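Enquirer: Quick one: the structure is below, questions incoming.
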């Protein structure tokens, strides 16, 4: 190990050597024990990574899970990494994408109560999220012409309006506008069949309307090896697909599979971005 000092000229990593950027804690740390006194330390680690990426010192940031409640208990309003990163980097429309070896799922809405979801799904929001997803599948995943399957909101995608009109009034007009701009979009598809092998054939990503519509399927298929990616930012950010698992802290029993996958995907995204025309 060696200490890394921000502000120094970039130099290549050396095999077998890990550089660590030290961030001072406010209180002693005990594995698995939360302490709101260290909330500012948690945010300081994020800020150091964000600032380093923005300055070109780092190519990407990979985040571990954090306990949102402890940040809020310290008097700092905090709803999650995604929103914090968007605020700090000027990314006005962050998009959550989870990716495994076999499936990518992005969300139109993220951490909302279920009853608030229909009101949050607007034509503008669907168009914005789908555009960001489509563009960054090209720029950060090196997919030249992505194909995206879009889920409906209601059972059976609204059943021609009999089970809800969001598909007719919001989702279909948004998709038609994007198709006119050249985006390859399928749907809106009923969510109960959207994830079948036949529907996913040739599909590069699924766009779900809300958190628990899309993520249970992905986590069932790839939990422990899936990666959380924040699109719509000027930097590359990946993360694990799980929470803090405080009962495993310090035990040596935690599974590092998702963290390894997040690091590997970040490296591939850096490579894809580097290959894009200037």
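The values are calculated or read from the model by the stated rules, or taken from the named source; none is laboratory data. Note that the structure is predicted; figures quoted are calculated from it, not measured. Note that we place each Cβ from the backbone using ideal geometry, even for glycine, and neighbour counts take in every protein chain shown.
Enquirer: With the requirement that a residue be loosely packed, with under 10 Cβ neighbours inside 10 Å and in contact (Cβ under 8 Å) with a residue 24 or more places away in the chain, what does the range 11-33 give you?
Expert: Hit for the range 11-33 is 31, nothing else.
Enquirer: Considering only residues of the range 34-64 that are surrounded by fewer than 18 Cβ atoms within 10 Å (Cβ to Cβ) and touching a residue at least 60 places away in the same chain (Cβ under 8 Å), which is farthest from the chain's Cα centre (by Cα)?
Expert: 34
Enquirer: Out of the residues in the range 144-158 that are at pLDDT 95 or above and assigned to a loop (DSSP other than H, G, I, E, B), which is surrounded by the fewest Cβ atoms within 10 Å (Cβ to Cβ)?
Expert: Among those residues, the one meeting the criterion is 145.
Enquirer: Name the one entry in 170, 129 that is in contact with a helix residue (DSSP H, G or I) (Cβ under 6 Å, 6 or more places away or on another chain) and surrounded by 18 or more Cβ atoms within 10 Å (Cβ to Cβ).
Expert: 170 is the lone residue from the list that is in contact with a helix residue (DSSP H, G or I) (Cβ under 6 Å, 6 or more places away or on another chain) and surrounded by 18 or more Cβ atoms within 10 Å (Cβ to Cβ).
Enquirer: Residue by residue through the range 54-81, note down the ones that are assigned to a helix (DSSP H, G or I) and over 24 Å from residue 257 (Cα atoms).
Expert: 54, 69, 70, 71, 72, 73 - these are the residues of the range 54-81 that are assigned to a helix (DSSP H, G or I) and over 24 Å from residue 257 (Cα atoms).
Enquirer: Considering 194, 221, 208, which residue is more than 15 Å from the chain's Cα centre (by Cα) and buried (at least 16 other Cβ atoms within 10 Å of the Cβ)? Before the answer, list the steps.
Expert: Numbers: 221 fails: buried (at least 16 other Cβ atoms within 10 Å of the Cβ); 208 fails: more than 15 Å from the chain's Cα centre (by Cα).
Exactly one residue qualifies, and that residue is 194.
Enquirer: Among the numbered criteria (1) in contact with a helix residue (DSSP H, G or I) (Cβ under 7 Å, 6 or more places away or on another chain); (2) on the phi > 0 side of the Ramachandran plot; (3) in a loop (DSSP other than H, G, I, E, B), which one does residue 141 miss?
Expert: (2)
Enquirer: Taking residue 182 as the residue in question, decide whether it is free of Cβ contacts under 8 Å to residues at least 24 places away in the same chain and either crowded, with 23+ Cβ neighbours inside 10 Å or farther than 22 Å from residue 112 by Cα (or both). Break it down stepwise before answering.
Expert: Working: free of Cβ contacts under 8 Å to residues at least 24 places away in the same chain: yes; either crowded, with 23+ Cβ neighbours inside 10 Å or farther than 22 Å from residue 112 by Cα (or both): yes.
Spelling it out, residue 182 is indeed free of Cβ contacts under 8 Å to residues at least 24 places away in the same chain and either crowded, with 23+ Cβ neighbours inside 10 Å or farther than 22 Å from residue 112 by Cα (or both).
Enquirer: Something else: What helices (runs of 4 or more DSSP H) completely inside the range 189-278 contain at least 3 residues that are modelled with pLDDT of 95 or more and outside the structural domain of residue 142 (by TED's automatic domain parsing)?
Expert: It comes to 257-275.
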